[in-house]
Amino acid sequence: MHQRIDFFASKKEELGVSLNEVQKQAVRETEGPLLLLASPGSGKTTTIIMRIGYLIERMGVEPSRIKAVTFSRASAADMKERFARFFPGLEPVKFSTIHSLAFQVLREHFYKTRTPYHLIEGQVELEEETEGDGAQPADQLPLHKKFILRHLFKTIAGENITDEQMEELTTYISLVKNKMIPPERWDSVKTDVPQAHRVLIAYEEYKRAGSGKGLLVDFDDMLTIGNEILERDRELLRRYQRRYDYVLTDESQDTSLVQHAIIEKLVREHGNLCVVADDDQSIYSWRGADPSYLLNFKDAYPAALTLFMEQNYRSSRDIVDVANRFIKRNKNRYEKNMFTRNPRSAPAQIRSFADYKSQAKYLVEEIRGIAELGEVAVLYRNNSSSIALINEFDRAGIPFFMKDTDNRFFSHWVVEDVLNFMRMSFTDKRADLLETIHTKCAGYITKGQMTQLLGIGNQESVFDNLLKHVPLKEYQVKQIELLRDNFRRMHGMAPKDAIRHIRGKLGYEKALDRLCERLGFRKEHLLGILNTLEEIADTLATMEEFAARLKHLEGVLKSSKHKKGQNVVTFSTLHSAKGLEFERVYMIDLIDGIIPSSDDKQGAMAEEAALSMEEAVRLFYVGMTRAKRHLELLTYKMRDGEKVQESPFVTDVRQLLNPGKPAVRPEPGRPAAAVTSGRVPAAAQAGAGRAAASGKSASPARKKNPNAVRQAADLAAGRDVLHPVFGSGTIVKLAGERIHIRFGTTDKVLSVATCLEMGLLELEKS
């Protein structure tokens, strides 16, 4: 006991670091599995570093026998730097990402088995990545993941892949790999990329073929192959198990099933695993992260101790209180109560504007007078929200840093189309320009006719050449004449008027409708790009100025990534903001359809939709808890000429701020009581005894419903049932493992096994 007191007292004297009782217990409980649930701002990293230092200084553990695994290279570097600062006299511990650990396993095994391999990921210059149309022979492809996928997509889908489709395709592949989904189920994984599962099958075959370089390996393969090696190569597994006596994983809510499987094998012999996580901050399911691992932690580690770090040291009491109550609308979570001893500052503010455009203008006026710009962040759900901000802040001369800069907007094919339309209005003698847009305007010019036009060498109007020299259908003559006149009418227009002319008179929006229907593009996203272009064009006099403005903004965006750490405003997506903190946080574009998104509300099964909605709630919660003392939620009533609804999450926060109203706004068909109920997993219950020693008792488990249906035989079509989330409903039919129930006007498809196991259905009394 004397040594323990000495350790904490000495660190307080040396570093000024003082731990609370739960943090101290997390440091001292070194043997066996520990699940440390750390609320936002609860001193997680400090506790981790102190635990590692305690193992070395007080337990006499060799630093080389400790393995600390975190989610990203940035986190690993931060922990390494902080450890050196806390314990300058100690040998450094191995801080690494799970990918680097898996790659180390892979290298050792391949060296031992003399298996040649070649990595196919890394940075690729945009010009290199996008050059060509993907039609080069497979044996001549550069050995890089994106080149290979581009070629395979072209071969299988018959179209060139867009940047958005490439991003979604690589996300789809990562999801499949990280969730260890077998090949026979690849076609059931939701994606908007056509033929994605066929592309993945071809991609896996291509990598195995190796193209003369041996096995081709991407980042996802590091994990799946590493896990398979540890499963097969018992000698190598034992070597790694003997290498480390203590394993710690940070940000474990962000890791996937395959990553957890690797760690589980590593600690199987000694069981000394400390998992640090917050199920309320799990926001990466789209790339395979799965919070169910945390909720079912006790299943994998029956002897695990669960501790709750709930004291927030970051935010004011106003922000902590409302965020803590907001997250309770989620059902599948540990029952935690974040609190703080920080004083109050000001309640979260909700600002509702008449129109979307007012939002950026308000931010400029609000922020331009702030001296400490480095303590200001503007957060949004989608990167597309940043373009309007960049435009307004650049005009106002307010500097900013853009986290994870994404300049795809300026290279997007819609932007290039608009510029090509504008170029055609200056000169209609360039057949090469018309070739790029002839399928996207109202001329109905066929590919064959376009080929003939390109072969005509004279420098006349392309439209006159079509009319004079290319065989046309009777209906095409009038359309091409009209198209020619509309292009000439557009000459000299102000750029904003020109964009509207392109969208309407030149038929571009109708062409986008056809493309969306054929290729699965999201129309609202494409229209959003056009609307943003109109905003940028506003107040500009000529199309030349507009083109120059786009080029300027692209340069501003690229240069913004070099301003990290300077006294500038931070622009960030909600996802990228996790782990950061600011005095003032503005969350923008808080409308229904953006957060939660349309995708969040949909799912092939009712359970899928419910899980997506819970993740959207967690994402909103992450945004709120970035703020120290000032939090503003920005919404509006009109966007792009259409009425929009504020995010239901904003409505919830407004009601939480107003004690006279119900705490949570229920969704249609979802009782408020069900929304606020918290599920306490077995791990939380099992940790109650030992957690009590820290001064915090684990919350009681949700009581089992004695009236719940437990036998499938009790479920039959026509019976009325009660569900804790969806309310009263009538069973429509049972189909194998699924039950179809009508709740009001909505049909839900549920898992029979889940309903019976969790006691989710109760027969209504007649």
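The values are calculated or read from the model by the stated rules, or taken from the named source; none is laboratory data. Every value quoted in this text rests on a predicted model; they were computed, and no experiment measured them. Ideal geometry is used to build each Cβ from the backbone, glycine not excepted, and the neighbour counts take in all protein chains shown.
Looking only at the stretch 209-228, filter to residues that are farther than 21 Å from residue 268 by Cβ, assigned to a helix (DSSP H, G or I) and small (Gly, Ala, Ser); which one of those is farthest from the chain's Cα centre (by Cα)?
Taking the stretch 209-228 as the starting set, the residues that turn out to be farther than 21 Å from residue 268 by Cβ are 209-221.
Still in the list and also assigned to a helix (DSSP H, G or I): 209-212, 219-221.
Next, only the ones that are small (Gly, Ala, Ser) stay: 209-212.
On the way: 209: 32, 210: 32, 211: 33, 212: 36 Å.
Of everything passing the filter in the stretch 209-228, 212 is farthest from the chain's Cα centre (by Cα).
Mind counting the residues in the stretch 396-416 that are in a helix (DSSP H, G or I) and of a type outside the set (Ser, Thr, Tyr)? Please lay out each step first, then the result.
Of the stretch 396-416, the ones in a helix (DSSP H, G or I) are 396, 408-411, 413-416.
Remaining after also requiring of a type outside the set (Ser, Thr, Tyr): 396, 408-410, 413-416.
Going through the stretch 396-416 one residue at a time, the tally reaches 8.
Considering (1) among the polar types (S, T, N, Q); (2) outside any loop (DSSP other than H, G, I, E, B); (3) out of contact with any strand residue (DSSP E or B) (no Cβ under 6 Å at 6 or more places or on another chain), say which one residue 253 fails and leave the rest.
The single condition residue 253 does not satisfy is (3).
Only residues that are among the aromatic types (Phe, Trp, Tyr) and either under 14 Å from residue 259 (Cβ atoms) or not in a strand (DSSP E or B) (or both): list them for the stretch 229-246, please.
Taking the stretch 229-246 and keeping what is among the aromatic types (Phe, Trp, Tyr), we get 240, 244, 246.
Scanning the stretch 229-246 gives 240, 244.
Counting only residues that are part of a loop (DSSP other than H, G, I, E, B) and surrounded by fewer than 15 Cβ atoms within 10 Å (Cβ to Cβ), how many does the stretch 738-766 have? Show your work before the answer.
So the first thing to find is which residues in the stretch 738-766 are part of a loop (DSSP other than H, G, I, E, B), and the list is 744-745, 759-761, 764-766.
After this cut, where a residue has to be surrounded by fewer than 15 Cβ atoms within 10 Å (Cβ to Cβ) as well, the list is 744-745, 764-766.
Result for the stretch 738-766: 5.
Determine whether residue 69 is surrounded by 22 or more Cβ atoms within 10 Å (Cβ to Cβ), closer than 26 Å to residue 279 by Cα and in contact with a helix residue (DSSP H, G or I) (Cβ under 8 Å, 6 or more places away or on another chain). Give the derivation first.
Values: surrounded by 22 or more Cβ atoms within 10 Å (Cβ to Cβ): yes; closer than 26 Å to residue 279 by Cα: yes; in contact with a helix residue (DSSP H, G or I) (Cβ under 8 Å, 6 or more places away or on another chain): yes.
When the stated conditions are applied, residue 69 passes them.
Looking at 82, 51, 58, 73, can you tell me which residue is among the charged types (D, E, K, R) and modelled with pLDDT of 95 or more?
Values: 82 fails: modelled with pLDDT of 95 or more; 58 fails: modelled with pLDDT of 95 or more; 73 fails: modelled with pLDDT of 95 or more.
Result: 51 is the single residue among 82, 51, 58, 73 that is among the charged types (D, E, K, R) and modelled with pLDDT of 95 or more.
Residues in the stretch 414-435: is at least one under 29 Å from the mean Cα position of the chain (by Cα), at pLDDT below 90, surrounded by fewer than 21 Cβ atoms within 10 Å (Cβ to Cβ) and under 26 Å from residue 549 (Cβ atoms)?
As a first pass, look at the stretch 414-435 and keep what is under 29 Å from the mean Cα position of the chain (by Cα): 414-417.
Narrowing further to those that are at pLDDT below 90: none.
Looking for residues that are under 29 Å from the mean Cα position of the chain (by Cα), at pLDDT below 90, surrounded by fewer than 21 Cβ atoms within 10 Å (Cβ to Cβ) and under 26 Å from residue 549 (Cβ atoms), one finds none in the stretch 414-435, hence no.
Look through the stretch 438-473, keep the residues that are among the β-branched types (Val, Ile, Thr) and more than 16 Å from residue 488 (Cα to Cα), and return whichever of them is surrounded by the fewest Cβ atoms within 10 Å (Cβ to Cβ). I'd like the intermediate steps shown before the answer.
Within the stretch 438-473, the first condition is being among the β-branched types (Val, Ile, Thr), and the residues that meet it are 439, 445-446, 451, 456, 462, 470.
When the remaining residues are screened for being more than 16 Å from residue 488 (Cα to Cα), the result is 439, 445-446, 451, 456, 470.
Working: 439: 15, 445: 24, 446: 15, 451: 11, 456: 15, 470: 19.
Looking at the filtered set, the residue picked out is 451.
Would you mind stating whether residue 150 is among the basic types (Lys, Arg), surrounded by fewer than 17 Cβ atoms within 10 Å (Cβ to Cβ) and part of a helix (DSSP H, G or I)? Walk me through how you get there before you give the answer.
Details: among the basic types (Lys, Arg): yes; surrounded by fewer than 17 Cβ atoms within 10 Å (Cβ to Cβ): no; part of a helix (DSSP H, G or I): yes.
The answer is no for residue 150.
Scan the stretch 716-737 residue by residue and report those that are in a loop (DSSP other than H, G, I, E, B), farther than 24 Å from residue 611 by Cβ and touching a residue at least 24 places away in the same chain (Cβ under 8 Å). Steps first, answer last, please.
The first filter runs over the stretch 716-737 and keeps only residues in a loop (DSSP other than H, G, I, E, B), leaving 716-719, 724-726, 736-737.
Among the residues that remain, those that are also farther than 24 Å from residue 611 by Cβ are: 716-719.
Residue satisfying the conditions is 719 alone.
Could you say which residue among 333, 329 is over 30 Å from residue 264 (Cα atoms), of a type outside the set (Asp, Glu), touching a residue at least 40 places away in the same chain (Cβ under 8 Å) and crowded, with 20+ Cβ neighbours inside 10 Å? Before you say what the answer is, go through the steps one by one.
Details: 333 fails: over 30 Å from residue 264 (Cα atoms).
Of 333, 329, the one residue that is over 30 Å from residue 264 (Cα atoms), of a type outside the set (Asp, Glu), touching a residue at least 40 places away in the same chain (Cβ under 8 Å) and crowded, with 20+ Cβ neighbours inside 10 Å is 329.
Out of everything in the stretch 485-540 that is among the β-branched types (Val, Ile, Thr) and touching a residue at least 60 places away in the same chain (Cβ under 8 Å), what residue ends up being nearest to residue 387 (Cα to Cα)?
At the first step, the residues of the stretch 485-540 found to be among the β-branched types (Val, Ile, Thr) are 499, 502, 529, 532, 536, 539.
Now drop any that are not touching a residue at least 60 places away in the same chain (Cβ under 8 Å), which leaves 499, 502, 529, 532, 536.
On the way: 499: 17, 502: 21, 529: 9, 532: 7, 536: 9 Å.
This residue is 532.
Anything in the stretch 176-195 that is surrounded by fewer than 17 Cβ atoms within 10 Å (Cβ to Cβ) and under 20 Å from residue 257 (Cα atoms)? List them, or say none. Break it down into steps so the answer makes sense when it comes.
As a first pass, look at the stretch 176-195 and keep what is surrounded by fewer than 17 Cβ atoms within 10 Å (Cβ to Cβ): 180-185, 187-190, 192.
Within the stretch 176-195, 180, 181, 182, 183, 184, 185, 187, 188, 189, 190 meet the criteria.
Would you pick out the residues in the stretch 562-604 that are under 25 Å from residue 532 (Cβ atoms), under 16 Å from the mean Cα position of the chain (by Cα) and of a type in the set (Lys, Arg)?
Answer for the stretch 562-604, where residues must be under 25 Å from residue 532 (Cβ atoms), under 16 Å from the mean Cα position of the chain (by Cα) and of a type in the set (Lys, Arg): just 601.
Restricting attention to the stretch 165-175, and to residues there that are under 11 Å from residue 220 (Cβ atoms) and surrounded by fewer than 20 Cβ atoms within 10 Å (Cβ to Cβ), which single residue is nearest to the chain's Cα centre (by Cα)?
171
Which pairs have Cβ atoms under 7 Å, sit 6 or more apart or on different chains, and link a residue in the stretch 285-305 that is farther than 23 Å from residue 174 by Cα to one that is of a type in the set (Asp, Glu) and at pLDDT 90 or above?
Cβ pairs passing all conditions: 300/264; 305/29.
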